1. Is the stretch 125-133 home to any residue that is among the charged types (D, E, K, R), touching a strand residue (DSSP E or B) at 6+ places or on another chain (Cβ under 8 Å) and either under 30 Å from Ser201 (Cβ atoms) or assigned by TED's automatic domain parsing to the domain that holds Pro270 (or both)?
2. Restricting attention to the stretch 305-331, report how many residues are without any contact (Cβ under 8 Å) to a residue 12 or more places away in the chain and in a helix (DSSP H, G or I).
3. With respect to Tyr200, determine if the residue is in a loop (DSSP other than H, G, I, E, B) and out of contact with any Asp or Glu (no Cβ under 7 Å at 6 or more places or on another chain).
4. When only residues in the stretch 481-518 that are free of Cβ contacts under 8 Å to residues at least 12 places away in the same chain and more than 26 Å from Lys187 (Cα to Cα) count, which is surrounded by the fewest Cβ atoms within 10 Å (Cβ to Cβ)?
5. Looking at Gln409, Gln402, can you tell me which residue is part of a strand (DSSP E or B), at negative phi and at pLDDT below 95?
6. Hey, does the stretch 380-395 have a residue that's touching a Gly at 6+ places or on another chain (Cβ under 7 Å), modelled with pLDDT of 90 or more and among the acidic types (Asp, Glu)?
Amino acid sequence: MSSDDAQQYQAFLEELRELNEFRLDYALDHPAAGLEGEDPDVKRIIEALAFFGARTQLAQTRSLDSINRRLCQQFFSYLLSPLGGMAMMQAKPTGHLTEAMEIPVGTEFGLLPDKGGLVMFKNTQPLRILPMTLDNVRQELLADAGSRILLTFQANYPLNEQPQTLRLHINYLNDLSLSLKVLQFLKRSLKTATVQYGDYSAEQPGTGFRFAFGMPPSELTDDDWLHPLELERSFFHFPRQELYLELTLPAAPRNWRQFSVALDCSQIWPRQLRLNKSIFQLFTIPLVNSQRAMAQPILCDGSQERYTIRHPDPQLGFSLQKILGVYEAGEHGMIPLRPGILAGGNGSYEVEQGPRQDHGGHLYRLVPHFPEAFENPRTLVVEALWQQPWYDQILQNAHKLQIFRRQLQGIQWELVDDVCPHAENRQFEDSNRYVHLLTLMHNSALSFHDLRELLLALGCISQGAFQKVFHSFVDLRLQEEPLGNKTKQIYTLLFKPLADDSIELIDPFVNHAGRVLNLWLTDEIVEAHWEMLTEANTPAPTGVHV
């Protein structure tokens, strides 16, 4: 018995019980009515009434839920879209790579598991690959009690291509907390960075250059434009995508073969962490299970209120992630339809969430508003992003990764670790949360409970990497300070002590919680701090984020 059938049967039994109670009460008040429970005709009438009442009640409940979901979809589509599976991919040059290779944003990669069909990924950051490797990493002690981390890069043969900007992904044994410990050590202690082309000499000063941490801003395109809060959701879903050390190197001489990067730190490398070259991963970028494609054309002829949106290649198990646009196919090209949130009425559309599919994800239905479609049918085309949530069931299987629709020689593609599973936002199944979020849109400041509700509404914080940090967030303190003609709001997030390495996650958690506050409170200037409460509930030293 399906969940819908079980729910309907339970409602039927409840209606039957209430009708029988009503019959008994009526029989006591009117003994001459002759409504005996054992009378087969009376029994059939009561069962029919119970069945009709149960169906009506469930239909009304589903209708109200559908209306709430559609309203929520109109206002908060950037919070409701499912988050695709993500992973870090590393490109390893071989001896056959003879020149620099550019991989633009949105390049498709195919992951072929031993069991199951093709899984489509695309990169979220550009990648430039050179025929070189990170050959060696070692530490040298400095006279001022600091240390120098020396990274030696080796080319396969003399090169004239400039190294330009190198982005090193920080990964310590595929452990997020330990990787953050390494990154925060570098943020805290890295003072200067220099480079020497050719053989390294400790007596030579080297040429200084700029360095930065984290992930650069996404290169947004017209087709895959993301709301800023969607970027924050993506971070909380897969924080490894920001563990970067970016090195902007100066120009190299012609025919260079080797160069060494010296990272001078004010502290010695942490003793509990072993320094090795596998920590600094070259040519590594994030991948996301997402594909942009047109749905199967929809003939809107007025015979239906809603139409199921389907991927053009159903056997690959794609589920709708996000609609980019709905168009009417006309004689003079594609005419865009207006989303219902902008303007309703004729020529607009809404999207309705349908039942869950067997392979994961939900069906979605298009609700176009064309009253005259019965007399004048038209063809509608939906452009959307799609994902394959069925892959979550076989994450651990062996696989082969290759670039899709391109032939590149001299590069091996590998996943750094297992794919992070897809995530659906189930927070809005309770319509009260949607109403509460609507009220928060008009607040000029947020309380502890308001911020907690807002973070929960992102749909990916109460579980996953930040689960322990979120549950240790127990209070906040809000202060306001004048800043020119405006007022700066200072939020201090208070955390109870954590017993393991999860404390390393507090800093990025507060950093991005501050960004969420800035995006939500559009008219305010927000600064975010954090404090760790001791056992006596006195604040420990803080971290600060602007």
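1. Initial filter on the stretch 125-133 (among the charged types (D, E, K, R)): 128.
Next, only the ones that are touching a strand residue (DSSP E or B) at 6+ places or on another chain (Cβ under 8 Å) stay: 128.
Among the residues that remain, those that are also either under 30 Å from Ser201 (Cβ atoms) or assigned by TED's automatic domain parsing to the domain that holds Pro270 (or both) are: 128.
Looking for residues that are among the charged types (D, E, K, R), touching a strand residue (DSSP E or B) at 6+ places or on another chain (Cβ under 8 Å) and either under 30 Å from Ser201 (Cβ atoms) or assigned by TED's automatic domain parsing to the domain that holds Pro270 (or both), one finds at least one in the stretch 125-133, hence yes.
2. 1
3. Numbers: in a loop (DSSP other than H, G, I, E, B): yes; out of contact with any Asp or Glu (no Cβ under 7 Å at 6 or more places or on another chain): yes.
Against the criterion (in a loop (DSSP other than H, G, I, E, B) and out of contact with any Asp or Glu (no Cβ under 7 Å at 6 or more places or on another chain)), Tyr200 qualifies.
4. Taking the stretch 481-518 and keeping what is free of Cβ contacts under 8 Å to residues at least 12 places away in the same chain, we get 481-482, 484-485, 499, 518.
Subsequent filtering for residues that are more than 26 Å from Lys187 (Cα to Cα) retains 481-482, 484-485.
Details: Glu481: 10, Pro482: 8, Gly484: 7, Asn485: 5.
Here the residue is Asn485.
5. On the way: Gln409 fails: part of a strand (DSSP E or B).
Going through Gln409, Gln402 in turn, the sole match is Gln402.
6. Among the residues of the stretch 380-395, at least one is touching a Gly at 6+ places or on another chain (Cβ under 7 Å), modelled with pLDDT of 90 or more and among the acidic types (Asp, Glu), which makes the answer yes.
Per-residue answers, yes or no, for (1) out of contact with any strand residue (DSSP E or B) (no Cβ under 6 Å at 6 or more places or on another chain); (2) of a type outside the set (D, E, K, R); (3) in the same structural domain as Ile67 (by TED's automatic domain parsing):
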residue	(1), (2), (3)
Leu320	no, yes, no
Tyr327	no, yes, no
Gly333	yes, yes, no
Leu337	no, yes, no
Gly360	yes, yes, no
Tyr364	no, yes, no
Glu375	yes, no, no
Leu415	no, yes, no
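One line per residue, one yes/no per condition, for (1) in a strand (DSSP E or B); (2) modelled with pLDDT of 95 or more; (3) not polar (S, T, N, Q):
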position	(1), (2), (3)
Leu220	no, no, yes
Gln258	yes, yes, no
Gln296	no, yes, no
Ser303	no, no, no
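The values are calculated or read from the model by the stated rules, or taken from the named source; none is laboratory data. The structure presented is a predicted model; accordingly, all values stated were derived computationally and were not measured. Neighbour counts run over all protein chains shown; Cβ positions are idealised from the backbone, glycine included.
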